[in-house]
Amino acid sequence: MLRIALTVTLACSLLAGCAEQPSGGCPDRLSPAPLPTWARTGFRPPDQPVTYVLGDQGDIAAVVFGDPLLSPPGKDRGNKILWVSRVSQDGDPLLIEARLDGTGAPVTREVPGGPGPSGVDLPKAGCWHVTLRWSGHVDTLRLRYVQP
């Protein structure tokens, strides 16, 4: 059982750039790691470590600039996230539905034109469970926002 737990923790660290993440929860911090090869376009060198969260289905990566994400947003920087899709897209908007701790009323955001650069501010600090929809695809992930 310990071997399985260590393998899962190592895989999480290597594949998703995440720190210790309880099942269904948010990492306390993001550990820089190389992006999956399909998400490296435009990054130089392509295997440089960056902070990101990989979707649960592996179809999207949220590259987080300015980790940690802040709520309310910082006065001197925004909550910039570059959304990178592994699967085809046809220019439909990226629809974001976020729920604090996975419960309650959803907060919605939209990135026109589909996955790409965005600024995503959410109303409270905490672990946000995010459902992403674009061009017929759906993936989920968790993002932690902290108070400045």
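Every number in this text was worked out from the coordinates using simple rules, so none of it is lab data. Everything numeric here is computed off the predicted structure, so don't read it as measured data. Using ideal geometry, Cβ is built from the backbone for each residue, glycine included, and neighbour counts are taken over all protein chains shown.
Quick look at the numbers
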| item | result |
| --- | --- |
| Cα-Cα separations in segment 30-92 greater than 20 Å, expressed as whole percent | 31 percent |
| Residue-span extension gain [R29 to Q48] - 0.36 nm each, minus C-alpha spacing | 5.0 nm |
| Ratio of the Cα radius of gyration of segment 42-148 to 2.2 N^0.38 Å, where N counts its residues | 1.03 |
| Furthest towards positive pole of dipole, P93, H137, G126, structure part segment 85-148, Cβ charges | G126 |
| Label-point separation, S135 to D92 (7 Å along Cα→Cβ), nm | 1.1 nm |
